[in-house]
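The structure appears below as structure tokens.
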Amino acid sequence: MKPKPVYDNIVLIGFMGSGKTSVGKVLARKLYKKFMDVDTLIEAEQNSSVNDIFQNKKEEHFRILEQKCINELTQNTGQVIATGGGLPIYSSISKKSLIVYINADFDVILERLTTKERDKRPLLQNESEARALFEERKHIYEEQADFSVDANQSIPTFIHVIVDYILDQRVL
């Protein structure tokens, strides 16, 4: 029988606003891991919001920063890492990471986000364009994920599903 892989980190992927940061914080606490958020780290390093980076230096520059950040993060172990929605599309993630897809429907994402939270996301400014982007990206998330969780249910419920999967599979 082939041994189960053991992963250094848990990387959360999914569309913007799917709950990666909120879930990641709770998951890290439950699993006694350090929580890291790619967007937050980039904002601190650049002393600028993601929205401002998109406006002033353009998306391509932001994607370069994302790849650099995920490369640096995955050199360490014992972390739960929340990515931006585009990171798995434009960047590669270490195969030593358990990649968990936070799979929420587009309408569920919109319901969960406040107007202020929507305003902070440059690619969510036009709802029809954002919906098309969601449809375009979801199969890529599915392909990259080691595990996908139905994030349309309550957040505590699907966090429990993730923890159960990790403990059952003994992958950390």
Identify the residue in the stretch 40-61 that is in contact (Cβ under 8 Å) with a residue 40 or more places away in the chain, assigned to a helix (DSSP H, G or I) and polar (S, T, N, Q) and, among all such residues, is farthest from residue 120 (Cα to Cα).
55
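Would a scan of the stretch 59-67 turn up a residue that is within 20 Å of residue 144 (Cα to Cα) and surrounded by 18 or more Cβ atoms within 10 Å (Cβ to Cβ)?
First, the residues of the stretch 59-67 that are within 20 Å of residue 144 (Cα to Cα): 63-64, 66-67.
Checking which are surrounded by 18 or more Cβ atoms within 10 Å (Cβ to Cβ) leaves us with 66.
Checked the stretch 59-67: at least one residue is within 20 Å of residue 144 (Cα to Cα) and surrounded by 18 or more Cβ atoms within 10 Å (Cβ to Cβ).
Would you mention how many residues in the stretch 119-145 are over 17 Å from the mean Cα position of the chain (by Cα) and in a helix (DSSP H, G or I)?
Pass one, the stretch 119-145, residues over 17 Å from the mean Cα position of the chain (by Cα): 119, 125-129, 131-132.
Checking the rest, the ones that are also in a helix (DSSP H, G or I) come to 119, 127-129, 131-132.
Qualifying residue count, the stretch 119-145: 6.
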Collect the residues in the stretch 1-53 that are more than 23 Å from residue 165 (Cβ to Cβ) and either aliphatic (A, V, I, L, M) or crowded, with 18+ Cβ neighbours inside 10 Å (or both), keeping them in residue-number order.
16, 39, 41, 42, 44, 50, 53
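Out of curiosity, is residue 163 within 15 Å of residue 99 (Cα to Cα) and part of a helix (DSSP H, G or I)? Before you say what the answer is, go through the steps one by one.
Numbers: within 15 Å of residue 99 (Cα to Cα): yes; part of a helix (DSSP H, G or I): yes.
Yes, satisfied.
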Can you spot a residue in the stretch 96-111 that is within 15 Å of residue 18 (Cα to Cα), surrounded by fewer than 18 Cβ atoms within 10 Å (Cβ to Cβ) and at pLDDT below 90?
yes
The stretch 62-80: number of residues that are part of a helix (DSSP H, G or I) and touching a strand residue (DSSP E or B) at 6+ places or on another chain (Cβ under 7 Å):
1
Please state which of the following conditions residue 153 fails to meet, knowing it meets all the rest: (1) part of a helix (DSSP H, G or I); (2) surrounded by 13 or more Cβ atoms within 10 Å (Cβ to Cβ); (3) without any contact (Cβ under 8 Å) to a residue 24 or more places away in the chain.
(1)
Show the residue pairs that are 6+ apart or on different chains and have beta-carbon atoms under 7 Å apart, the first residue being within the stretch 20-39 and closer than 18 Å to residue 85 by Cα and modelled with pLDDT of 95 or more, the second being among the polar types (S, T, N, Q) and in a helix (DSSP H, G or I).
37/21
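The values are calculated or read from the model by the stated rules, or taken from the named source; none is laboratory data. The structure displayed is predicted, hence computed values, not measured ones. When we count neighbours, we look across all protein chains shown, and the Cβ atoms used for this are built from the backbone with ideal geometry, even at glycine.
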